[in-house]
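J.: My structure is below; once you've seen it, I'll send some questions.
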Amino acid sequence: MNVTAEKSRGHVGRPRSFDEEEALDKAMRVFWEKGYEGASLQLLTTAMGIRPASLYAVFGNKERLFTQVLARYRASQVPFVQDALKESSAFAVAEKLLRDTAVFLTRPSFPHGCLTIQTSLAASDEAQGVHNDLISLRINAERALRQRFARAKKEGDLPDSADPASLARFVTTLYQGMTVQGVNGATRRELLDLVRTGLEAWPKAS
């Protein structure tokens with residue numbers, strides 16, 4: 001949505017002179033590379049090409065800006081996380097999630113690593129709310145995997161000995177470890193090899 005030609009949130013007045021979605025993408029890059037703590041207002045406004053007053057007027061404050069960036073990141077950068085849950089088998093869910101993660105982490109011209117992990121490694125008192133929100137986001141993602149694997153077990157897609165909670169924790173831990181490896185410079189081939197090795201331990205249906 002180019003807001004240059006639109007009035008601000010329905011109010012009569014001077015139209016904004018920047019594209020809000022483009023500004024969010026630029027802010028996303030700063031948070032992704034610097035983390036929440038390292039993304040100063042000066043870095044954000046410089047990257048977004050706006051003045052601090054415009055940031056506060058349009059996005060609220062740094063925390064509210066990050067909330068909007070996070071929603072855009074999940075929708076535009078990692079939709080495969082939700083798409084994986086739609087796969088027809090538990091193994092296919094895990095395989096798609098992990099393989100797509102390997103591709104995601106090694107795309108040219110994008111920061112390596114996951115924004116949700118990068119931005120929550122450390123938190124001051126001021127950033128504790130963001131830190132807690134990101135923890136909740138990761139917990140909810142693991143819960144969604146656990147529920148999907150529980151359904152797979154009920155359908156006979158997983159053996160009776162399989163523990164949906166342990167499998168969800170295993171996949172989540174592997175995914176998070178891959179993000180660290182990506183930041184460390186692991187190649188796509190190396191990450192895909194890690195996926196193959198990890199999935200060798202997947203329980204086979206009887």
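J.: If you check Phe91 against the conditions, is it under 26 Å from Glu20 (Cβ atoms), in the same structural domain as Pro164 (by TED's automatic domain parsing) and out of contact with any Ser or Thr (no Cβ under 8 Å at 6 or more places or on another chain)? First the steps, then the outcome.
T.: On the way: under 26 Å from Glu20 (Cβ atoms): no; in the same structural domain as Pro164 (by TED's automatic domain parsing): yes; out of contact with any Ser or Thr (no Cβ under 8 Å at 6 or more places or on another chain): yes.
Judged against the criteria, Phe91 is not a match.
J.: Scan the range 83-92 residue by residue and report those that are of a type outside the set (Lys, Arg), free of Cβ contacts under 8 Å to residues at least 24 places away in the same chain and surrounded by fewer than 18 Cβ atoms within 10 Å (Cβ to Cβ). Lay out the reasoning, then the answer.
T.: The first filter runs over the range 83-92 and keeps only residues of a type outside the set (Lys, Arg), leaving 83-85, 87-92.
So of that shortlist, the ones also free of Cβ contacts under 8 Å to residues at least 24 places away in the same chain come out as 83-84, 87-88, 92.
The answer is Asp83, Glu87, Ser88, Ala92.
J.: Contact list please: Cβ distance under 6 Å, first residue in the range 93-122 and in contact (Cβ under 8 Å) with a residue 24 or more places away in the chain, second residue hydroxyl-bearing (Ser, Thr, Tyr), pairs at least six apart or on different chains.
T.: Thr101/Tyr175; Gly113/Thr179; Cys114/Thr179; Leu115/Tyr73; Ile117/Thr179; Thr119/Tyr36
J.: I'd like the full set of residues that are part of a loop (DSSP other than H, G, I, E, B) and without any contact (Cβ under 8 Å) to a residue 12 or more places away in the chain, limited to the range 126-157. Lay out the reasoning, then the answer.
T.: Looking only at the range 126-157, we keep the residues that are part of a loop (DSSP other than H, G, I, E, B), and these are 126-127, 155-157.
Across the range 126-157, the qualifying residues are Glu126, Glu155.
J.: Still on this structure, please answer the following. Which ones in the range 158-179 are in contact (Cβ under 8 Å) with a residue 24 or more places away in the chain and exposed (fewer than 14 other Cβ atoms within 10 Å of the Cβ)?
T.: Matches in the range 158-179: Pro159, Asp160, Ser161.
J.: Among (1) over 27 Å from Arg151 (Cα atoms); (2) part of a helix (DSSP H, G or I); (3) in the same structural domain as Arg146 (by TED's automatic domain parsing), there is one condition Ser120 misses while meeting the rest; what is its number?
T.: Of (1) over 27 Å from Arg151 (Cα atoms); (2) part of a helix (DSSP H, G or I); (3) in the same structural domain as Arg146 (by TED's automatic domain parsing), only one is false for Ser120: (2).
J.: Within the range 83-96, can one find any residue that is in a helix (DSSP H, G or I) and among the hydroxyl-bearing types (Ser, Thr, Tyr)?
T.: Residues of the range 83-96 that are in a helix (DSSP H, G or I), as a first pass: 83-84, 90-96.
In the following step, the residues that additionally are among the hydroxyl-bearing types (Ser, Thr, Tyr) were identified as none.
Among the residues of the range 83-96, not one is in a helix (DSSP H, G or I) and among the hydroxyl-bearing types (Ser, Thr, Tyr), which makes the answer no.
J.: With the structure loaded, tell me whether Leu134 is exposed (fewer than 13 other Cβ atoms within 10 Å of the Cβ) and either at pLDDT below 95 or not basic (Lys, Arg) (or both) or whether it fails that test.
T.: no
J.: Might you let me know whether the range 1-18 holds any residue that is of a type outside the set (Gly, Ala, Ser), closer than 19 Å to Leu137 by Cβ and at pLDDT below 90?
T.: Looking only at the range 1-18, we keep the residues that are of a type outside the set (Gly, Ala, Ser), and these are 1-4, 6-7, 9, 11-12, 14-16, 18.
From what's left, closer than 19 Å to Leu137 by Cβ: none.
Taking every residue of the range 1-18 in turn, none turns out to be of a type outside the set (Gly, Ala, Ser), closer than 19 Å to Leu137 by Cβ and at pLDDT below 90.
Residue-by-condition table, conditions (1) among the charged types (D, E, K, R); (2) closer than 22 Å to Ser89 by Cβ:
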position	(1), (2)
Leu145	no, yes
Pro164	no, yes
Gly177	no, no
Arg188	yes, no
Gly198	no, yes
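The values are calculated or read from the model by the stated rules, or taken from the named source; none is laboratory data. These numbers come from a predicted model, not from an experiment. Here the Cβ is made from the backbone with ideal geometry for all residues, glycine too, and neighbour counts use every protein chain on show.
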